[in-house]
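Let me begin by handing over the structure; questions about it come next.
The values are calculated or read from the model by the stated rules, or taken from the named source; none is laboratory data. Note that this is a predicted model, so its numbers are computed, not measured. Please note: Cβ atoms are built from the backbone with ideal geometry, for glycine as well, and neighbour counts cover all protein chains shown. The protein model used for the area step is the full one, side chains on, heavy atoms only, and it has no ligands, DNA or RNA in it. Shrake-Rupley method; radii C 1.70, N 1.55, O 1.52, S 1.80 Å.
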Amino acid sequence: MSSRIEEHPILGVQEKGRKVTFTCDGKAVEGYEGEPIATALKAAGIMVHRYTKKEHKPRGIFCAIGRCTDCVMIVDGKPNVRTCVTPLKEGMVVNTQYGVSAEPFEKQ
Amino acid sequence: MYNTADVIIVGSGVIGCAAAYYLAKKGVSVIVLDKDDSIGNGGSSRNGGGVRQSGRDPRELPLAMYGVEHMWPTLSEELGIDVEYHKKGNLRLGKTEKHKEILQGLTDRAVACGLDVRMIDGNEVREINPYLSEEVTCASWCATDGHANPLLTTLGYYKNARALGVRFITGEEVVELQKIKGKLKRVVTKKNVYEGEKVIVAAGYESRSIIQSVGIDVPMRAELIEALVTEAEPKMFEQMLGTADADFYGHQTDHGSFVFGGASGLESTAKDNGKMITASITAPCICRGIMKYIPKLADAKIVRTWAGYEDICIDGIPVISEVEEVPGLILACAFTGHGFGISPVVGKLLSQMATGEETMLDIKEFRYDRFHANI
Amino acid sequence: MTMENIYDRAITLGEYVPEPDDDRIICRCEEITKGEIRRAVHDGMYTITEIRRYLRTGMGLCQGQTCAKLVKSIVARELEVSPAVLEPATSRSPMRPIEMKIFAQEAKEVGDNV
Amino acid sequence: MSMKRYDLIIVGAGPSGLSAAIEAARRGLKVVVFDENEKPGGQLFKQIHKFFGSKEHKAKVRGFVIGQQLLQEAAELGVEVVLNATVVGMYMDKEIVVKMGEEVHHFKGDSILIATGAAENMVTFDGWTLPGVIGAGAAQTMMNLHGIKPGSKILMLGSGNVGLVVSYQLLQAGCEVVALVDAAPRVGGYGVHAAKVARCGVPFYLSHTIMKAEGTECVTGVTIAQVDSHFKFIPGTEKHFDVDTICLAVGLSPMSQLLKMAGCEMEDNPRRGGQVPICDEYGETSIKGLFVAGDVSGIEEASSAMIEGRIAGIAAAYYLGYIDKEELDAKYQENQAALAGLRQGMFAPENRGKLVEKTEEGIDVSMNLLEKGFIAEDEIERFPGVTHTKGIHPVIECSQNIPCNPCQDACPKHCIKIGSHITALPAVDENVECVGCGMCVASCSGQAIFLVQEDYEPGYGTVTLPYEFLPLPQKGDKGFGLDRSGKKVCEAEVVQVRTSPAFDHTNLLTIKVPSDMVMKARFYKAE
């Protein structure tokens, strides 16, 4: 079951941008243009956005408003991009962030 | 609580904390007073962390060289805390013929003092640090320079001195020094009176008004300098960087963040409301400077900026001196923005001065009474 | 303890007694644990500013927005003071992380007053 | 360097910032509002419930609609609202640097209002950094702004208004809320908010808190346990829930860093929620011409934030000479009276943390409501809104003194009385005949009004209840009546479904239940 809310009792059917495809760790994922990257990932069931530098622990969405920076990922090659406030675009290349790198720790 | 000690130190910056530590190691009782709430809240926690020998005044160079040779390499071990000292060299960068002249002059003087520093061209610069832009055409290169973490160095000295029994009191503003029977003895704060046989004043620019209370003056001024730090980046380079024009200076820390200091040339417009405040135009200016030299940092995010005063001495080197006319007074101020790199050495020298030992290095160039009129 | 006593760093806090949740992360960005913060207080770091500089709590990408209150309460408990007496760390520009290339790009405003 | 200059620069386009902008622009000030978010309105745009208060202050209007109204009003008055505009810092001489797009802009204001609102507090427990542990604000943002469920099985920590309201919103979004947990021994938020969550079947665990979040890559479960009066876990009381999401709603702190940076005198005031600027009755800080309003100056509700904003906007107009002292005083008095009205009742700032045992009318409060989230059957009869008139009539399960009165005006027959004292409990006038129009049911922001008819047909009565869920049941559907605790108590048949623009998305569901169940059944669940 998708975690998207198709129709909301108060808000009705929410307007979305056009459907676009992007990649996360190389896999194709669909989302709506302009929505936060994190929303599209959530809809695709992706919970882990990064692994921390010291303890290599998983992190995901925490504040969803761009403050806590837990949801940062490597987006189009740039590390530390706050996915909860960065609008999704067609063809974006999103990667799990390991520390501050796209390379998993064992390869660093 | 006792308010007397063998030595009273005014100022809990890296100099004061280092002196306290070396004194405590000798078994001397010490009280350190600071007007700020936090330890080392002046220049010690606001500087770029350079541990340089190159680019220094020849009079100061022996102190810097001694530190790099004898103190910095073992400091982490000595303090039981990683002060993040890295001896990976200093590049002072130039882009123009004028810069080259400045750098050549500095290099020649340092070489004459026995420092291993040389001029290199743009290509060699980029062999050492491939992130530097094509605009960089020359640099002075001193392989034995480096950098350390000033916050941890200051707090490391503090922690160890405290563990050895030094009494630190913050939020204690010194208002005057008093002589008793011809000797400096009393340190009067807004709330208390402290007494010591020796008083070391290491309070940055504020030292000036404190020592004026016993009729001594050091010609220095306060200059606002700003610094900024980026988010953590993947490891890029280990050298300390500076420029001939002093656009900026800084390095990448162990944490991965870059710390850079600099100025916009317009600080004089900043009103002094008693608080150190960053000007709106300075950080952007420093950023523009950095990006010319290290284009790859354009996407790095700035997470903090801050400002601090440097105590600039009129002749560019500090005052590290006993004051015979005020027996018991020892000065350690006017470090002119390069005190951190020599702080372990100065701390040790001060501990020797305060205990009446012969100093391990000649410090006559730093006397308080060296200043003369031009004509 | 009162505020005055925080300033006198010779006051001893007694032995550092480990607690079962000492390994719990408090500062999420810099991954600093409760135990590290407690130990830092026993090492003499009595102000929030000193704790930050010693451990990097609140110095990460979120700029301390998430853990400031948590750190304060741990330090206050260790010092046996009310959290309200501890001065929070200085607020510094930028309020949100900003790319160097954007910070460097100062727009020339054409204002009504020009 | 040259900078664009405004009479008033406002940071934050939330309820207080926009209200201030409106009042200032109305008096001739050139006003700009900067907000870092993509959408204006601050928290209003995530608040989909109807607001409490009085008609003059937008009661029974949903938060996001209030946001739209304020924004439109501001636009009509020529206020510039700049979104995606992040304030980088505040410098000397009331200079503000703003990141807009790929540039930073310098602006100066002759006056500045900081209305940056609040940030969420956090609590720690083992596993609190796992993906799946989120703030309540995050949950609201995800479901109400971005149309996505934060999780499917969720545990909520925090029984303040935020925890209660967000729990209800999660249910509305189609999530399952497995438990509502709070370390405090009593529900912190409005009883009516608690009651609407409880009757949907969400169990309340007061004097409980989270021991640990379980999972390696993300949350797969949670263990809670009871705590003693010192908030220490009581061994043996552990309870486990399979959940994929843990939502934290443990209070807010003023987001006052900009003010500290600007050099305002600050204080740590636990009554206001943390570090706040010291300010006068107009919201002016220790720096002349620098004002604050809303949560940044002390955590309160959006309704009071709007009034504080108005006062600050008017005060800025006076500060810059756009109005005279007389107008300032008159407007201040008017708004101050409204603010005082909002700051009374059981949840008034001075009652924070206190157990109020009797209502203003001298009635014992419902302890079951405070401990379990719903009013017990043996408590309900004591409240003045609960009567047993013949035929259809309202039953008002409003048991706490809160500043709210839309129900009084909703009834075309005037059978509901609150009187001039806005916090008084609504009473039903048994001498006035109820026509069963349901306006009172739809108008009650707390969803605490039901229409009850004991003699619908032999052996059966009906209950008309507010229903804000999808799918909407249809006439003839059969299901169950749930009691105030969410327990199935009887079979129920939907006999009428009413929707109307006047009800503003609150549908009225009339269910037929056995006569002895009309005072028990308070929610409908399909088979």
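Return yes when C:Arg39 is more than 13 Å from chain D (Cβ to nearest Cβ) and either on the phi > 0 side of the Ramachandran plot or open to solvent by less than 30 Å² (accessible area, probe 1.4 Å) (or both) and no when it is not. Full working, then the answer.
Numbers: more than 13 Å from chain D (Cβ to nearest Cβ): yes; either on the phi > 0 side of the Ramachandran plot or open to solvent by less than 30 Å² (accessible area, probe 1.4 Å) (or both): no.
Answer is no for this residue.
Residues that are at pLDDT 95 or above and within 14 Å of chain C (Cβ to nearest Cβ): find the helices (runs of 4 or more DSSP H) completely inside region B:95-205 holding 1 or more of those. Please lay out each step first, then the result.
Details: elements: B:97-112, B:122-128, B:150-163.
The qualifying helices (runs of 4 or more DSSP H) are B:150-163.
Go through region D:438-473 and give me each residue that's hydroxyl-bearing (Ser, Thr, Tyr), open to solvent by 10 Å² or more (accessible area, probe 1.4 Å) and under 19 Å from D:Gly345 (Cβ atoms).
To start, the set of residues in region D:438-473 that are hydroxyl-bearing (Ser, Thr, Tyr) comprises D:443, D:445, D:456, D:460, D:462, D:464, D:467.
Still in the running and open to solvent by 10 Å² or more (accessible area, probe 1.4 Å): D:456, D:460, D:467.
Within region D:438-473, no residue meets the criteria.
Also: If you scan region A:43-57, which residues turn out to be touching a Gly at 6+ places or on another chain (Cβ under 9 Å), open to solvent by 10 Å² or more (accessible area, probe 1.4 Å) and of a type outside the set (A, V, I, L, M, F, W, C)? Spell out the reasoning first.
If we filter region A:43-57 for residues that are touching a Gly at 6+ places or on another chain (Cβ under 9 Å), which is where we start, we get A:43-44, A:46-54, A:56.
If we keep only those that are open to solvent by 10 Å² or more (accessible area, probe 1.4 Å) too, we end up with A:43-44, A:46-48, A:50-51, A:53-54, A:56.
Once the filter is applied, which keeps residues that are touching a Gly at 6+ places or on another chain (Cβ under 9 Å), open to solvent by 10 Å² or more (accessible area, probe 1.4 Å) and of a type outside the set (A, V, I, L, M, F, W, C), region A:43-57 yields A:Arg50, A:Tyr51, A:Lys53, A:Lys54, A:His56.
Then there's this: Regarding region D:308-325, can at least one residue be identified that is in contact (Cβ under 8 Å) with a residue 12 or more places away in the chain, within 24 Å of the chain's Cα centre (by Cα), surrounded by 22 or more Cβ atoms within 10 Å (Cβ to Cβ) and part of a loop (DSSP other than H, G, I, E, B)?
No.
Also, quick follow-up: On the given criteria, is D:Ser207 open to solvent by 20 Å² or more (accessible area, probe 1.4 Å), in contact (Cβ under 8 Å) with a residue 12 or more places away in the chain, touching a strand residue (DSSP E or B) at 6+ places or on another chain (Cβ under 7 Å) and not basic (Lys, Arg)? First the steps, then the outcome.
Values: open to solvent by 20 Å² or more (accessible area, probe 1.4 Å): yes; in contact (Cβ under 8 Å) with a residue 12 or more places away in the chain: yes; touching a strand residue (DSSP E or B) at 6+ places or on another chain (Cβ under 7 Å): yes; not basic (Lys, Arg): yes.
So D:Ser207 fits the description; yes.
Among what's in region C:66-92 and is open to solvent by less than 40 Å² (accessible area, probe 1.4 Å) and part of a loop (DSSP other than H, G, I, E, B), pick the residue that is farthest from the other protein chains (Cβ to nearest Cβ).
C:Val81
For region B:144-190, which residues satisfy the criterion of being free of Cβ contacts under 8 Å to residues at least 40 places away in the same chain and either out of contact with any strand residue (DSSP E or B) (no Cβ under 9 Å at 6 or more places or on another chain) or among the acidic types (Asp, Glu) (or both)? Steps first, please.
Of region B:144-190, the ones free of Cβ contacts under 8 Å to residues at least 40 places away in the same chain are B:162-163, B:175-176, B:178, B:180-181, B:186, B:188, B:190.
Answer for region B:144-190, where residues must be free of Cβ contacts under 8 Å to residues at least 40 places away in the same chain and either out of contact with any strand residue (DSSP E or B) (no Cβ under 9 Å at 6 or more places or on another chain) or among the acidic types (Asp, Glu) (or both): B:Ala163, B:Glu176, B:Lys181.
Just to be sure before I move on: is A:Ile61 within 11 Å of the chain's Cα centre (by Cα), at negative phi and open to solvent by 40 Å² or more (accessible area, probe 1.4 Å) in the structure I sent? Give the derivation first.
Numbers: within 11 Å of the chain's Cα centre (by Cα): yes; at negative phi: yes; open to solvent by 40 Å² or more (accessible area, probe 1.4 Å): no.
Against the criterion (within 11 Å of the chain's Cα centre (by Cα), at negative phi and open to solvent by 40 Å² or more (accessible area, probe 1.4 Å)), A:Ile61 does not qualify.
From B:Leu75, B:Leu91, B:Leu103, grab the single residue that is touching a Leu at 6+ places or on another chain (Cβ under 6 Å) and surrounded by 19 or more Cβ atoms within 10 Å (Cβ to Cβ). Steps first, answer last, please.
On the way: B:Leu75 fails: touching a Leu at 6+ places or on another chain (Cβ under 6 Å); B:Leu103 fails: touching a Leu at 6+ places or on another chain (Cβ under 6 Å).
Of the residues listed, the single one that is touching a Leu at 6+ places or on another chain (Cβ under 6 Å) and surrounded by 19 or more Cβ atoms within 10 Å (Cβ to Cβ) is B:Leu91.
Hey, another quick one. With a cut-off of at least 1 residues that are open to solvent by 30 Å² or more (accessible area, probe 1.4 Å) and at the interface with chain A (Cβ under 9 Å from one of its Cβ atoms), name the strands (runs of 3 or more DSSP E) lying wholly within region D:82-183.
Because the criterion is at least 1 residues that are open to solvent by 30 Å² or more (accessible area, probe 1.4 Å) and at the interface with chain A (Cβ under 9 Å from one of its Cβ atoms), the strands (runs of 3 or more DSSP E) in region D:82-183 that meet it are D:118-120.
Which count do you get for residues in region C:18-59 that are of a type in the set (Asp, Glu) and within 25 Å of A:Tyr51 (Cα to Cα)? Spell out the reasoning first.
If we filter region C:18-59 for residues that are of a type in the set (Asp, Glu), which is where we start, we get C:19, C:21-23, C:30-31, C:36, C:43, C:50.
The next check asks that each one be within 25 Å of A:Tyr51 (Cα to Cα); those that pass are C:21-23, C:30-31, C:36.
The total comes to 6.
Of the residues D:Arg382, D:Arg352, which is open to solvent by 80 Å² or more (accessible area, probe 1.4 Å), within 30 Å of D:Ser297 (Cβ to Cβ) and among the basic types (Lys, Arg)?
Details: D:Arg382 fails: within 30 Å of D:Ser297 (Cβ to Cβ).
Result: D:Arg352 is the single residue among D:Arg382, D:Arg352 that is open to solvent by 80 Å² or more (accessible area, probe 1.4 Å), within 30 Å of D:Ser297 (Cβ to Cβ) and among the basic types (Lys, Arg).
Kindly list the number of the only condition in (1) part of a helix (DSSP H, G or I); (2) open to solvent by 20 Å² or more (accessible area, probe 1.4 Å) that fails for A:Glu30.
Evaluating A:Glu30 over (1) part of a helix (DSSP H, G or I); (2) open to solvent by 20 Å² or more (accessible area, probe 1.4 Å) leaves (1) as the failure.
Let me ask something additional. Looking at region A:17-27 only, could you name the residues that are open to solvent by 30 Å² or more (accessible area, probe 1.4 Å) and either assigned to a strand (DSSP E or B) or among the basic types (Lys, Arg) (or both)?
Scanning region A:17-27 gives A:Arg18, A:Lys19, A:Thr21, A:Thr23, A:Lys27.
Let me ask you something else. So which residues in region D:53-70 are away from chain A (no Cβ under 12 Å) and assigned to a helix (DSSP H, G or I), if there are any at all? Give the steps one after another, and end with the answer.
Taking region D:53-70 first, the residues away from chain A (no Cβ under 12 Å) are D:53-61, D:66-70.
Of everything in region D:53-70, those that are away from chain A (no Cβ under 12 Å) and assigned to a helix (DSSP H, G or I) turn out to be D:Lys55, D:Glu56, D:His57, D:Ile66, D:Gly67, D:Gln68, D:Gln69, D:Leu70.
What are the residue pairs meeting all of these: first residue in region D:450-461, first residue at positive phi, second residue surrounded by fewer than 19 Cβ atoms within 10 Å (Cβ to Cβ), Cβ atoms under 6 Å, and 6 or more apart or on different chains?
D:Gly459/D:Ser515
Quick one: in region D:346-365, which of the residues that are in contact with an Asp or Glu (Cβ under 8 Å, 6 or more places away or on another chain) and not acidic (Asp, Glu) is nearest to D:Val187 (Cα to Cα)?
We begin by selecting, within region D:346-365, every residue in contact with an Asp or Glu (Cβ under 8 Å, 6 or more places away or on another chain); these are D:349, D:357-358, D:364-365.
Next, only the ones that are not acidic (Asp, Glu) stay: D:349, D:358, D:365.
Working: D:Pro349: 16, D:Lys358: 16, D:Val365: 13 Å.
Step by step, filter region D:346-365, then rank; the result is D:Val365.
Select from region D:513-527 the residues that are outside any loop (DSSP other than H, G, I, E, B) and not small (Gly, Ala, Ser) and list them in ascending order. Give the derivation first.
Taking region D:513-527 as the starting set, the residues that turn out to be outside any loop (DSSP other than H, G, I, E, B) are D:513-517, D:523-526.
Answer for region D:513-527, where residues must be outside any loop (DSSP other than H, G, I, E, B) and not small (Gly, Ala, Ser): D:Val513, D:Pro514, D:Asp516, D:Met517, D:Phe523, D:Tyr524, D:Lys525.
If only one of C:Tyr54, C:Tyr46 is more than 8 Å from chain D (Cβ to nearest Cβ), open to solvent by 20 Å² or more (accessible area, probe 1.4 Å) and of a type in the set (Phe, Trp, Tyr), which one is it? Break it down into steps so the answer makes sense when it comes.
On the way: C:Tyr46 fails: open to solvent by 20 Å² or more (accessible area, probe 1.4 Å).
When all the criteria are applied, what remains is C:Tyr54.
Next up: Inside region D:491-512, can you point out the residues that are over 20 Å from D:Ile392 (Cα atoms) and assigned to a strand (DSSP E or B)?
Passing the criteria: only D:Glu491.
If I go through region A:64-100 residue by residue, how many of them are touching a residue at least 24 places away in the same chain (Cβ under 8 Å), surrounded by 15 or more Cβ atoms within 10 Å (Cβ to Cβ) and small (Gly, Ala, Ser)?
Qualifying residue count, region A:64-100: 2.
Looking only at residues in region D:259-286 that are in contact (Cβ under 8 Å) with a residue 40 or more places away in the chain and aliphatic (A, V, I, L, M), which one is farthest from C:Ala68 (Cα to Cα)?
D:Ala262
Would you point out the residue of region D:1-33, among those that are within 24 Å of the chain's Cα centre (by Cα) and within 14 Å of chain C (Cβ to nearest Cβ), that is surrounded by the fewest Cβ atoms within 10 Å (Cβ to Cβ)?
Here the answer is D:Val11.
Looking only at residues that are under 26 Å from A:Gly12 (Cβ atoms) and away from chain A (no Cβ under 14 Å) in region D:496-521, which one is surrounded by the fewest Cβ atoms within 10 Å (Cβ to Cβ)? Quick ask: steps written out before the conclusion?
Initial filter on region D:496-521 (under 26 Å from A:Gly12 (Cβ atoms)): D:496-511.
Add one more test, that the residue is away from chain A (no Cβ under 14 Å), and what stays is D:496, D:498, D:500, D:502, D:510-511.
Numbers: D:Gln496: 14, D:Arg498: 16, D:Ser500: 14, D:Ala502: 12, D:Thr510: 24, D:Ile511: 30.
My answer is D:Ala502.
Of the residues D:Glu381, D:Glu377, which single one is free of Cβ contacts under 8 Å to residues at least 60 places away in the same chain and more than 20 Å from D:Gln344 (Cα to Cα)? Outline the logic, then answer.
Working: D:Glu377 fails: free of Cβ contacts under 8 Å to residues at least 60 places away in the same chain.
On inspection, the qualifying residue turns out to be D:Glu381.
If you don't mind, there's one more thing I want to ask. So D:Ile299 fits all but one of (1) under 25 Å from C:Ser82 (Cα atoms); (2) away from every other protein chain (no Cβ under 14 Å); what number is the exception?
Only one criterion in (1) under 25 Å from C:Ser82 (Cα atoms); (2) away from every other protein chain (no Cβ under 14 Å) is unmet by D:Ile299, namely (2).
Okay, moving on. Select from region D:420-437 the residues that are within 24 Å of the chain's Cα centre (by Cα) and either open to solvent by less than 40 Å² (accessible area, probe 1.4 Å) or of a type in the set (Phe, Trp, Tyr) (or both) and list them in ascending order.
Initially, region D:420-437 is screened for residues within 24 Å of the chain's Cα centre (by Cα), giving D:420-427.
Of everything in region D:420-437, those that are within 24 Å of the chain's Cα centre (by Cα) and either open to solvent by less than 40 Å² (accessible area, probe 1.4 Å) or of a type in the set (Phe, Trp, Tyr) (or both) turn out to be D:Ile422, D:Thr423, D:Ala424, D:Leu425, D:Pro426, D:Ala427.
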